[in-house]
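Before anything else, here's the structure in question.
The values are calculated or read from the model by the stated rules, or taken from the named source; none is laboratory data. All of these numbers come straight from a predicted model, not from anything done at the bench. Cβ placement follows ideal geometry from the backbone for every residue including glycine, while neighbour counts extend to all protein chains displayed. These area figures cover heavy atoms from the full protein model, side chains too; ligands, DNA and RNA do not enter into them. Shrake-Rupley method; radii C 1.70, N 1.55, O 1.52, S 1.80 Å.
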Amino acid sequence: AFTFDDEDDELSQLKESKRAVNSLRDIVDDDDDDLERVSWSGEPVGSISWSIKETASSSTSLLEGRDSSLQKGSSSYAALPKQVSSYSLSSLFKGRNKLPSFQCLSDALSDTGVKNYAPELRRPKAEYKDYSSDWSPKDTVRRMQRGKVCSLERFRSLQDKLVLLDEAVAGHDGNVITAVLIFLKRTLRREILFRELEVRQVALCHLIHFLKETGEQKLLLDLLRFLDRTEEVALSQYREHLNIQDVEKRREFLKGCIGLPFSAEDTSHIQDHYTLLERQIIIEANDRHLETTGQSEIFRKYPRKASILNMPLVTTLFYSCFYHYTEAEGTFSSPTNLKKTFKIPDKQYVLTALAARAKLRAWDDVDALFTTKNWLGYTKKKAPIGFHRVVEILQRNNAPVQVLQEYVRLVEDVETQLNLATKYKCHDVVIETYRDLKDRIQLTAYKCKVERGSAEEEKINSILNN
């Protein structure tokens, strides 16, 4: 037996290897001779190549063991002389000696029998120190930061536990703080834990985040109530609706959440969420009936790809503009009803309605969306989102050139108008703009970009000759 006086983890690994080897005799059946036995080289025991290599390695290891014991005699570590192994790997696992012959007399004298498969090693000092309760809270935190295994059970008094928590917070290591908080959560009463964390905000934030991640909802709510954070308690309870799959149960749960102590702004959001889900249930039931019976042409031409239930407000508005655009305001599925009920801004409504009607290529509806009348009865086109965005949305939905040119002309900035017209090949707009600017050079250069003999080229020639 030999020891190392330093705190080396390899020594503890060697000790574990010795335990594992010594325990194999009790596990492996001695009479199981059908299994193929192999040596360390991977070749079957008893083969010719294995016998040659085994004999050579035995004689070589004997000489090397003697030389190394002489050379290392003056070193600071106690040398472990190499013994000539007379056991194959299979005999080591079987727990008996298959090759009883010894190479020399010293091997016979040094043989200790089949029970000693590994040298007896004394437990290192570092391991004794780990379990002898010698570590202070500061040293324990340092070892945890280095990834060492430490037992926190020795900290039994409340004072020691709080000192350990303070040292963990001072170390600025989130993993260590969380590990200490788990230990405190397991060993302290809730009232004591909550009281001490109230004056330790960093540790409190870590615990709240940990409880949210692990889903310990009851403990989280108790902690928030103790801290008198009523709005956070309400939000935590409201968040539970995400775990409810049944639509009717979710609707009833949201109805109960309306009375929770939310802020004024959050209360309106909860009310809107409940109202929206209630509308979606009605629309979904009606549209499913129309789709299955085939009574509506739009559902036959454009079948629904997904259910409207639990969708956001903007998605519901798009769905309504796509399938129920012409319905009266009094119906739940009407887009104007949704806009009025949920106070949707004009920009959001126009963007959503434009995208839905352009996808259906309903250009008359697009035109009516931007047409307004003044008190004298004159019509005028007006877009709250800017006509340059209207042009981009129409182009993404493959609008014809005639429709694009109409809205490109409505762009107020001349440079933006020219860029859009050139980009989307609205030749008439480009020619008319250069004509109004009286830019003969640019008009002549643009003549090369249109097809020869086309109406656009004739128009350019007519303007240049005027």
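Quick check on the stretch 203-334: take the gyration tensor over C-alpha atoms, sort the square-rooted eigenvalues as a ≥ b ≥ c, and tell me if it's rounded (a/c under 1.5), prolate or oblate.
The shape class here is prolate.
Where in the stretch 337-359 does the label zone of Asn397 land, with the point 7 angstrom along Cα→C-beta and an amide N cut-off under 17 Å?
Zone members listed by number: 347-359.
Between Glu213 and Ile385, what FRET efficiency follows from the Cβ-Cβ distance if R0 is 41 Å, with the result rounded to 0.05?
Once rounded, the FRET efficiency stands at 0.50.
Right, next: Starting from 0.36 nm per residue, how many nanometres of slack lie between Lys301 and Thr267 once their C-alpha separation is accounted for?
8.2 nm
Still on this structure, please answer the following. At 1.4 Å probe size, with every protein chain present, just tell me what the per residue accessible area of the stretch 314-371 comes to in Å².
Heavy-atom accessible area per residue stands at 47 Å².
Once neighbouring chains are kept in place and the probe is 1.4 Å, which whole percent of the accessible area of the stretch 426-465 is contributed by carbon and sulfur?
Reported share for carbon and sulfur atoms: 45 percent.
When only DSSP loop residues count, what trypsin sites (Lys or Arg not before Pro) in the stretch 168-236 have their Cβ near at most 10 other Cβ atoms within 10 Å?
Qualifying residues, ordered by number: Arg189.
Let a ≥ b ≥ c be the square roots of the eigenvalues of the Cα gyration tensor of the stretch 358-420; is it rounded (a/c under 1.5), or, if not, prolate (a/b larger than b/c) or oblate?
Here the stretch 358-420 falls in the oblate category.
Grab the Cα-Cα distance for Ile282 and Ser151, subtract it from 0.36 nm times how many residues apart they are, and report the gain in nm with one decimal.
41.3 nm
Okay, moving on. Give Lys301/Lys459; Lys305/Lys343; Lys305/Lys423; Lys343/Lys382 a once-over and call out the pairs whose C-alpha atoms are over 31 Å from each other.
Result: Lys301/Lys459; Lys305/Lys423 exceed 31 Å.
Then there's this: Just to check, using Stokes-Einstein with a Kirkwood Rh over alpha carbon pairs, what's the diffusion coefficient of the stretch 136-228 at 10 °C and 1.306 mPa s in µm²/s?
For the chosen part, D equals 118 µm²/s.
Sticking with this structure for a sec: Count charges around Val202 for me, please; just the other residues with Cβ under 14 Å from its Cβ, Lys/Arg as +1, Asp/Glu as -1.
Taking every Cβ under 14 Å from that of Val202, the sum is -4.
Under a 1.4 Å probe, what is the accessible area of the stretch 426-465 per residue, stated in Å²?
Per-residue value: 67 Å².
In addition: Once you put a point 7 Å from the Cα of Val247 and another 7 Å from the Cα of Lys373, both along the Cβ direction, what distance in nm separates them?
3.9 nm
Let me ask something additional. Roughly how many whole Å is it from the C-alpha centroid of the stretch 137-168 to that of the stretch 361-388?
The two parts, judged by their Cα centres, are 71 Å apart.
Cα-based count: Lys pairs in the stretch 136-228 below 22 Å, eight or more positions apart or different chains?
8
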